[in-house]
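> Before I ask anything, let me first share the structure, which is written out below as structure tokens.
The values are calculated or read from the model by the stated rules, or taken from the named source; none is laboratory data. Please read all numbers here as calculations on a predicted model, not as lab measurements. Glycine also receives a Cβ, built like all others from the backbone with ideal geometry; neighbour counts cover every protein chain displayed. Accessible surface is based on the protein model in full, side chains and every heavy atom, while ligands, DNA and RNA are left aside. Shrake-Rupley method; radii C 1.70, N 1.55, O 1.52, S 1.80 Å.
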Amino acid sequence: MLIYASDLDQTLIYSERSRGMDVDDRIMIAAEQVDGRIISHISIRALEQLKQIAESIPFVPVTTRVLDLYHRIHIFREQIVPKYAITSNGAHILIDGQVNREWHEQVMQDVRDQAAPPTEAIVAFHRVSDPSWIIRESYWEDTFFSVLVDRDRMPDEQVMAIQPELEQLGWRLSIQGRKVYLVPFPVSKNRAIEHVKLLAGADQVIASGDSLLDRGLLDQADYAIAPAHGELYRGFQSGELQGNYGFTAQSGIQAAENILQFVMDIMNREGIMDYERTEN
């Protein structure tokens with residue numbers, strides 16, 4: 001059985017900043033709202049494609065978002081209700097909307113056993129950081145850090161230079177747009193999807209994602225694709241990264257349509273979905 005596992009932000013859903021400036025508002029709808037304000041969008045076509053996919057195989061959202069932020073995405077309550085979801089970079093697995101406590105406790109025990117305390121990781125980061133480009137620093141669910149930064153001021157090379165030291169501490173560093181993430185090794189999306197794969201009785205995974213935190217998920221999948229934007233795309237374009245997957249023809253919010261067409265084409269070849277393909 002196939003399952004489709006996908007990152008959300010800048011892969012399937014898009015903020016005002018990431019959707020693309022030349023996109024017609026009429027092709028998209030709200031995916032997430034807070035106090036009446038739209039936080040993220042999904043293209044109407046992508047939502048219909050995702051509905052078709054989720055009717056035939058399990059769709060598993062796999063996100064860096066913590067539980068509260070994941071639950072804000074109303075399309076996953078009202079239009080597509082996944083049986084399984086992975087949040088917090090893999091620290092949580094939801095089954096029918098409920099946290100799998102056994103999984104979370106095992107992950108956190110592994111963090112304590114295999115990674116240095118969070119204070120050591122953030123101290124290492126602070127040796128290269130500067131208040132002039134840090135906007136906000138957050139420690140989520142006693143698990144990982146995210147640091148909102150001014151990318152125009154942040155010296156990327158200087159920040160990435162501490163990666164080897166963090167790896168010695170059992171932590172990985174990832175720059176995604178305006179955020180820097182520090183995540184302990186035992187917390188990973190690919191580890192969590194392997195567990196969901198067992199729970200669902202699946203033998204193959206289709207995956208999509210745009211960031212370095214998605215790289216393990218894509219590398220481990222049987223079929224994988226990434227949007228033509230984000231840190232993975234830039235890494236492949238520069239030659240710094242390599243992998244056995246391709247990128248979408250479009251960028252911005254319409255990249256999701258390319259991704260979901262890729263998934264549908266695989267399902268069609270596998271005899272899971274029969275449809276007449278239409279181009280954009």
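> How many residues are farther than 22 Å from Leu260 by Cα, of a type outside the set (Val, Ile, Thr) and touching an Asp or Glu at 6+ places or on another chain (Cβ under 7 Å) when one looks only at the range 173-221?
2
> Mind checking which pairs have a first residue in the range 104-124 that is within 23 Å of Ile193 (Cβ to Cβ) and at pLDDT 95 or above and a second that is in a loop (DSSP other than H, G, I, E, B) and among the polar types (S, T, N, Q), Cβ under 9 Å, 6 or more apart or different chains?
Going by the 9 Å Cβ cut-off, the qualifying pairs are Val107/Thr143; Met108/Thr143; Val111/Thr143.
> Pick from the range 28-65 the residues that are part of a helix (DSSP H, G or I) and among the small types (Gly, Ala, Ser): which of them is farthest from Ile259 (Cα to Cα)? Walk me through it before giving the result.
Restricting attention to the range 28-65, the residues satisfying the condition of being part of a helix (DSSP H, G or I) are 44-56.
If we keep only those that are among the small types (Gly, Ala, Ser) as well, we get 46, 54, 56.
Working: Ala46: 9, Ala54: 14, Ser56: 17 Å.
This residue is Ser56.
> Go through the range 1-55 and give me each residue that's surrounded by fewer than 16 Cβ atoms within 10 Å (Cβ to Cβ) and under 18 Å from Met264 (Cβ atoms).
Met1, Ile44, Glu48, Lys51, Gln52, Glu55
> Okay, next question. Spot the failing condition for Val159; the list is (1) in a loop (DSSP other than H, G, I, E, B); (2) more than 19 Å from the chain's Cα centre (by Cα); (3) among the β-branched types (Val, Ile, Thr), and only one is missed.
(1)
> A further question on this structure: Any idea how many residues of the range 196-250 are in contact with a Leu (Cβ under 9 Å, 6 or more places away or on another chain), among the small types (Gly, Ala, Ser) and in a loop (DSSP other than H, G, I, E, B)?
4
> Further, regarding this structure: Given the conditions (1) farther than 22 Å from Ser138 by Cα; (2) over 20 Å from the mean Cα position of the chain (by Cα); (3) of a type in the set (Lys, Arg), which single one is not true for Arg112?
(1)
> With respect to Tyr223, is the statement that it is hydroxyl-bearing (Ser, Thr, Tyr), open to solvent by 40 Å² or more (accessible area, probe 1.4 Å) and under 14 Å from Gln10 (Cβ atoms) true? Spell out how you get there, then give the answer.
Values: hydroxyl-bearing (Ser, Thr, Tyr): yes; open to solvent by 40 Å² or more (accessible area, probe 1.4 Å): yes; under 14 Å from Gln10 (Cβ atoms): no.
So Tyr223 fails the test.
> State yes or no: is Gln250 touching a helix residue (DSSP H, G or I) at 6+ places or on another chain (Cβ under 7 Å) and open to solvent by 40 Å² or more (accessible area, probe 1.4 Å)?
Spelling it out, Gln250 is indeed touching a helix residue (DSSP H, G or I) at 6+ places or on another chain (Cβ under 7 Å) and open to solvent by 40 Å² or more (accessible area, probe 1.4 Å).
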